[in-house]
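Okay, structure first, notes after.
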Amino acid sequence: MNSSILLKFQFILLASLFTLSACSKPAPVFHETVFTMGTLVEVTIVGADAKIAEEAYSAILDDFNYMHNTWHPWKPNALKRINSLLQTGAPFPIAPSIMPLIKKSQILSEQSQGLFNPAIGQLIKLWGFHQDNLDEIIEPPEGEDIQAFLKNLPKMSDVKFKGISMFGTNENIQLDFGAFAKGAAVDATIEHLKEFGIKNAIINAGGDLRAIGNKNGQPWRIGIRNPRADGIFAAIEISGDESVFTSGDYERYFESDGKRYHHIIDPRTGYPANKSRSVTVIHSNAATADAASTALFIAGPEKWHAIAKVMGIKYVMLIASNGDVHMNPAMAKRIKFTIKQPTIKLSNPL
Ligand code: ADP
Ligand code: MG
C-alpha cells in the first residue's frame with residue numbers, strides 16, 4: 001500500500017467515524033471497505049435486511065471490478081483497443097462498454113470549455129501520472145515534448161460516430177477517464193443498489209461519494225479533507241440523492257527540485273493547474289460532479305463561476321492556491337468549517 005493510498009484510507013476512516021457519530025438510534029448498518037478502481041471504496045447501507053445488503057454488496061463488487069478492468073486507461077482492455085483504433089482514423093464498431101463514458105464526457109468537456117478533457121491521455125502519460133507508483137518520477141517532462149503535444153491538442157469532439165461505427169480525427173487522441181470514471185462507477189453502483197430496493201446508502205470512493213436517502217432519519221454528515229493538513233477542513237450535511245466530489249493537488253503528485261507537480265493537468269498549458277488547492281462540488285450525478293471538480297480546479301478563482309454555470313453545478317467550494325475559500329452563497333449556507341474560519345470570497349449565486 002503506497003503512502004497516498006494509506007492517507008486516503010486514514011481519511012476514509014476519519015470521515016466514516018464522523019458520519020457514524022451523527023447516528024443516534026440504532027438501525028441495521030452494513031459496512032464494508034474494498035480496494036477497487038485504484039482506491040478504497042467504502043460501502044455503507046442503512047436500514048436494509050442484512051441478507052439483501054450482502055447480496056447487493058456482492059453484486060456491486062462485480063460491477064466495480066468489471067468497470068475497473070474495462071475502463072482502466074493503461075491495461076490491455078477494451079479502452080486500450082479503442083485508443084489504438086481511434087489513433088488510426090479508420091472506422092470501427094462502437095464498443096458498448098465505453099460508449100456511455102464517451103458520450104457523457106463529450107458533453108461535459110464541451111461545457112467545461114475543454115478544461116475537462118479526457119482525450120489527453122498521452123499528456124498524462126508524458127507526465128508519468130498513468131503509473132500507480134509515482135515514487136520513481138524524478139523530473140517533469142521536457143517542455144518541447146509538451147509543446148509538440150499541444151500543437152495538435154486532441155479533444156473529445158475528435159471522437160466521431162457514424163451509424164454503428166466510430167472513428168478518431170486526431171492521431172494524438174488517447175482516452176483517459178481518470179477524472180471521471182470513479183464518478184461514473186459510483187453512479188452505476190448506486191443505481192444497482194436501488195434495484196435491490198435499498199433506500200439509504202453511501203458509496204464513498206476515496207473521499208468522493210454519492211449518498212441516497214438518509215441515516216436513520218438524520219442527514220449524512222460528510223467531512224471535506226483539509227488540502228494542507230491532516231484531517232477535516234469542513235463538514236457538510238447531505239440527504240436525498242447527492243454526490244460530493246473533491247479534486248485536490250494533494251491526491252497524487254511527485255516532487256522535483258523542491259517543486260510539487262500534481263496530477264490535474266491544464267490542457268491549455270500542458271502543466272499541472274496552479275490556481276487551486278482543492279475544489280469540492282455537490283451535484284445529483286456523481287459523474288458530472290467528478291468531471292466538474294476537475295474542470296473547476298483548473299479554472300481557478302477567476303473562471304470557476306462561469307464554467308460551473310454552464311455545467312449546471314449549484315454548489316461549489318474552491319480553495320485557491322493562496323488559501324482563500326471561494327463559494328457561491330448556496331454552498332456557503334451548507335458548509336460548516338471545522339477549523340478556524342478562513343478568508344471567504346462569496347460569489348454571485350449560481
Ligand atoms: P482524483 O481521481 O484524484 O479524484 P480527479 O478526478 O481530478 O482526481 O482526476 C485526476 C485524473 O484525471 C488524473 O490522474 C488524470 O488521469 C486525469 N486528468 C488530469 N488532467 C485532466 C484534465 N484536464 N481533463 C481530464 N482528465 C484529466
Ligand atoms: Mg474528477
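The values are calculated or read from the model by the stated rules, or taken from the named source; none is laboratory data. Small disclaimer: the values here were computed from a predicted structure and weren't measured. As a convention, Cβ positions derive from the backbone with ideal geometry for all residues, glycine included, and neighbour counts pool all protein chains shown. With ligands, DNA and RNA removed, areas are computed over all heavy atoms of the protein, side chains included. Shrake-Rupley method; radii C 1.70, N 1.55, O 1.52, S 1.80 Å.
The figures follow:
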quantity	calculated
Separation of alpha-carbon centers, region 35-91 and region 254-283, rounded to whole Å	26
Average Cα contact separation per residue, the chain, under 8 Å, 6 or more apart, as relative contact order %	17
Using θ = phi - 60° and Karplus 6.51 cos²θ - 1.76 cosθ + 1.60, couplings along region 76-85 (whole Hz; Gly, Pro as x)	x, 7, 4, 5, 4, 5, 4, 4, 6, 6
For the chain, calculated [θ]222 nm from helices alone, where every DSSP H run of n ≥ 4 adds -39500 (n - 2.57)	-12000 deg cm²/dmol
Computed E for Met99/Thr343 - FRET, C-beta separation, R0 41 angstrom, nearest 0.05	0.40
Neighbour cut-off at most 11 other Cβ (10 Å), DSSP loop, GluC sites (Glu not before Pro), region 56-153	Glu136, Glu142
The chain, accessible area per residue, ligands and nucleic acids excluded (1.4 Å, Å²)	44
Under-5 Å amide H pairs with Glu242, H placed in peptide plane, nonlocal only	Ala211
Other-chain or far-sequence residues with amide H under 5 Å of Ala273's (modelled H)	Ile264, Ile265, Asp266
Cα-based reach from Lys75 at 17 Å (exclusive), listing lysines while leaving out same-chain residues under 8 positions away	Lys125, Lys182
Whole-Hz ³J(HN,Hα) from phi, Karplus 6.51 cos²θ - 1.76 cosθ + 1.60, for region 89-103, glycine and proline x	x, 7, x, 8, x, 4, 8, x, 6, 9, 3, x, 5, 5, 4
Percentage, to the nearest whole number, of Cα pairs in the chain over 30 Å apart	35
Radius 12 Å from Cβ of Val43, net charge of other residues (Lys, Arg +1; Asp, Glu -1)	-3
For the chain, share of DSSP beta bridges that run antiparallel, in % to the nearest 5	95
For region 169-182, Karplus couplings with θ = phi - 60° (6.51, -1.76, 1.60), whole Hz, Gly/Pro x	10, 8, 5, 8, 5, 8, 6, 9, 8, x, 8, 8, 5, 4
Unit charges on C-beta of K, R, D, E only; dipole of region 41-144, Debye	580
Positive dipole terminus of region 207-305, leading residue within Thr280, Ala211, Asn226 (C-beta point charges)	Asn226
DSSP-loop trypsin sites (Lys or Arg not before Pro) across region 276-344, with at most 14 other Cβ within 10 angstrom	Lys340
Formal net charge of residues neighbouring Asn204 (Cβ-Cβ distance under 10 Å; K, R +1; D, E -1)	-1
Ile232 long-range amide H proximity, modeled H, under 5 Å	Asn226
